[in-house]
Amino acid sequence: MTLDTIVTVGAGQTAAVAARTLRRRGFEGRILLVGDEPHPPYQRPPLSKEFLAGQQDRDSLLLLPEQWREEQSVELLTGAAATRIDAGTGSVELADGRRLAADAVLVATGGRPRTLPVRGPEPDRVHYLRTIDDAEGLATRLHPGARLVMIGGGLIGFEIASTAQTLGVEVTVVEADPLPLARIFGAEIAEICACTAQASGVTLRCGVPIDSVAAGRGEVVVTLADGATVAADIAVVGIGIVPNTEIARTSGLAVDGGILVDAQGRTSLPQVYAAGDVAARFSDAAGTHLRVEHFDNANKQGMATANRMLGRTGVVDTPHWFWSDQFGANLQFTGSARYSQLIFRGSADAGEFTAFYLDNGVVRGAFARDRGGEIGAARELIGRAVPPARLADESTDLFDLMDEVTVS
Ligand SMILES: Cc1cc2nc3c(=O)[nH]c(=O)nc-3n(C[C@H](O)[C@H](O)[C@H](O)COP(=O)(O)OP(=O)(O)OC[C@H]3O[C@@H](n4cnc5c(N)ncnc54)[C@H](O)[C@@H]3O)c2cc1C
């Protein structure tokens, strides 16, 4: 089928990369990005880091500058929520009643923060962070001496805690698990991250879930399940996201924790694709559908899905990779934290190291702290049986190791 018009539902990271890829591959038809935010596509990672700290401005976040969109004839509809895709007629319906013709649709609607009920008359003391507007609103509350309780010790929680702490805010992180970040990095690395946060002056309250959040009388009070309370001027909730699958449901797409797509990004309806945070893509390597909420995944899937629309291969099944900047360190991670043995290369005490996650002698993942240069090689070693001593030996060139060891 000839494609004249491709519409993306959502105008975030994935949609922006898909649009760039379509033009780079020579697609000359109409490209229309439909986004419900009032902003052109922008990057989210700085929202909890440099942008929140006031070190980056709005323009530096933009993914598809206006001049590029004009030159490339990429159309953008902002403030426009899509409500339904009609694959039969090849159209996308908007909340305001408009109907857009589309030969192919990419659903890249991302996710929204999971929320907590808040009691009391001052609910605006409780913040979330997903959009540029959220970041600007939060930034106005982060002044020296302010007290912040961060609910959730995941990546976003630790990044916000770190940024707030550098701005002179008094930060307490509350986390239901015994250790923050343990689900992502495993207990040993999580312990190192927790110690770094504490050494920076952040208070950690771990191992007890939240019972309630009340905001009134000039403060917010978080009550934990054991009856203890944490009082602060503001709270930020960072307890994960809910994928924006509503349009998939109204359009009859298969959904199970995310929009189900095959290895090529195809949904259960013809010419309708999904990618990015909202998509649960089938991975041959994992033997199941995986929904991943990282920048690199949004880029890879956006690119692969655009390729697939144009009749090229849309398969991308490389190990996941992400980074986080917190408490003065750059953290990078690839693969999975499933392991029976953790091998350190470099010095954990000095804070600069790569840790390899091995399971039955096979590399499953790697974590690098201020050693991002090793993560690319580490990624290539995933799935290979590597003698631990060679990984730990800093004189070993990791790229050379690839030629020596076989894929298991
Ligand atoms: C504060 C923050 C920090 C982050 N830091 C990192 C990091 O350090 N490293 C990393 O790897 N990842 C990070 N991420 C994750 C990364 O930004 C996301 O994985 C990425 O943005 C996902 O892109 P996406 O296009 O799938 O979704 P999004 O970027 O969320 O874009 C989806 C867009 O679709 C819109 N939309 C939803 N429904 C509709 C509809 N019905 N009609 C029209 N539009 C709709 C949404 O409003 C949104 O604008 C961070 C995310 C946040 C929020």
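The values are calculated or read from the model by the stated rules, or taken from the named source; none is laboratory data. These numbers come from a predicted model, not from an experiment. Glycine gets a Cβ as well: all are built from the backbone with ideal geometry, and neighbour counts include every protein chain shown. These area figures cover heavy atoms from the full protein model, side chains too; ligands, DNA and RNA do not enter into them. Shrake-Rupley method; radii C 1.70, N 1.55, O 1.52, S 1.80 Å.
Has region 253-273 got at least one residue that is in contact with a Phe, Trp or Tyr (Cβ under 9 Å, 6 or more places away or on another chain), free of Cβ contacts under 8 Å to residues at least 24 places away in the same chain and surrounded by fewer than 21 Cβ atoms within 10 Å (Cβ to Cβ)? The answer is yes, given that some residue of region 253-273 is in contact with a Phe, Trp or Tyr (Cβ under 9 Å, 6 or more places away or on another chain), free of Cβ contacts under 8 Å to residues at least 24 places away in the same chain and surrounded by fewer than 21 Cβ atoms within 10 Å (Cβ to Cβ). Of the residues ARG141, ARG119, ARG99, only one is of a type in the set (D, E, K, R), more than 12 Å from the ligand (Cβ to nearest atom) and touching a Gly at 6+ places or on another chain (Cβ under 9 Å); which? Only one candidate passes the filter, namely ARG119. Using the structure shown, decide if ALA135 is under 29 Å from ALA280 (Cβ atoms), within 16 Å of the ligand (Cβ to nearest atom) and in contact with a strand residue (DSSP E or B) (Cβ under 9 Å, 6 or more places away or on another chain). When the stated conditions are applied, ALA135 does not pass them. Of all residues in region 268-325, those being within 16 Å of the ligand (Cβ to nearest atom), closer than 22 Å to PHE356 by Cβ and of a type in the set (S, T, N, Q) number 3. Which ones in region 144-197 are open to solvent by 10 Å² or more (accessible area, probe 1.4 Å) and in a strand (DSSP E or B)? Within region 144-197, ARG147, GLU170, THR172, GLU175 meet the criteria.
I'm told PHE356 meets every condition in (1) open to solvent by less than 10 Å² (accessible area, probe 1.4 Å); (2) within 16 Å of THR196 (Cβ to Cβ) except one. Can you identify the failing condition by its number? Of (1) open to solvent by less than 10 Å² (accessible area, probe 1.4 Å); (2) within 16 Å of THR196 (Cβ to Cβ), only one is false for PHE356: (2). Contact annotation: no residue pair with Cβ atoms under 6 Å, 6 or more positions apart or on different chains, pairs a residue in region 1-25 that is farther than 25 Å from THR89 by Cα with a partner that is assigned to a helix (DSSP H, G or I) and modelled with pLDDT under 95. Within region 380-407, restricting attention to residues that are in contact with a strand residue (DSSP E or B) (Cβ under 6 Å, 6 or more places away or on another chain) and buried (at least 20 other Cβ atoms within 10 Å of the Cβ), the residue that is modelled with the lowest pLDDT is VAL386. For region 109-124, a tally of residues being over 20 Å from the mean Cα position of the chain (by Cα) and among the charged types (D, E, K, R) returns 3. Residue pairs whose Cβ atoms lie under 7 Å apart, sitting 6 or more positions apart in sequence or on different chains, and linking a residue in region 205-220 that is more than 14 Å from ALA235 (Cα to Cα) to a partner that is open to solvent by 50 Å² or more (accessible area, probe 1.4 Å) and among the acidic types (Asp, Glu), are VAL208/ASP226. When ALA95, ALA102, ALA87, ALA108 are screened for being under 30 Å from ALA235 (Cα atoms) and of a type in the set (A, V, I, L, M, F, W, C), only ALA108 passes. Of the residues making up region 3-31, those that are in a helix (DSSP H, G or I), open to solvent by 10 Å² or more (accessible area, probe 1.4 Å) and of a type in the set (Gly, Ala, Ser) number 0. Assessment of region 80-93 against the conditions (open to solvent by 30 Å² or more (accessible area, probe 1.4 Å), touching an Asp or Glu at 6+ places or on another chain (Cβ under 9 Å), more than 24 Å from ASN330 (Cα to Cα) and away from the ligand (no atom under 15 Å from the Cβ)) yields no matching residue. Given ALA392, ALA366, which one is of a type outside the set (D, E, K, R) and within 23 Å of PHE158 (Cβ to Cβ)? That would be ALA366, the only listed residue that is of a type outside the set (D, E, K, R) and within 23 Å of PHE158 (Cβ to Cβ). The C-beta contact set for region 173-188 (first residue at pLDDT 95 or above, second residue among the polar types (S, T, N, Q), distance under 8 angstrom, 6+ apart or interchain) comprises VAL173/THR203.
With the requirement that a residue be touching a strand residue (DSSP E or B) at 6+ places or on another chain (Cβ under 8 Å) and farther than 16 Å from ALA104 by Cα, what does region 17-35 give you?
The answer is GLY35, and nothing else.
Residues in region 303-333 that are farther than 16 Å from ILE184 by Cβ, modelled with pLDDT of 95 or more and open to solvent by less than 40 Å² (accessible area, probe 1.4 Å): ALA304, THR305, ALA306, ASN307, MET309. Residues that are closer than 19 Å to ARG25 by Cα and aliphatic (A, V, I, L, M) were ranked within region 275-306; the one that is farthest from the chain's Cα centre (by Cα) is ALA306. Considering only residues in region 243-257 that are of a type in the set (Val, Ile, Thr) and within 11 Å of the ligand (Cβ to nearest atom), the one that is nearest to ARG130 (Cα to Cα) turns out to be THR245.
Exactly one residue out of THR334, THR305 is closer than 22 Å to LEU106 by Cβ and not acidic (Asp, Glu), and it is THR305. Applying the criterion of being surrounded by 14 or more Cβ atoms within 10 Å (Cβ to Cβ) and either farther than 30 Å from VAL169 by Cα or charged (D, E, K, R) (or both) to the residues of region 52-74, the residue that is nearest to the ligand (Cβ to nearest atom) is LEU63.
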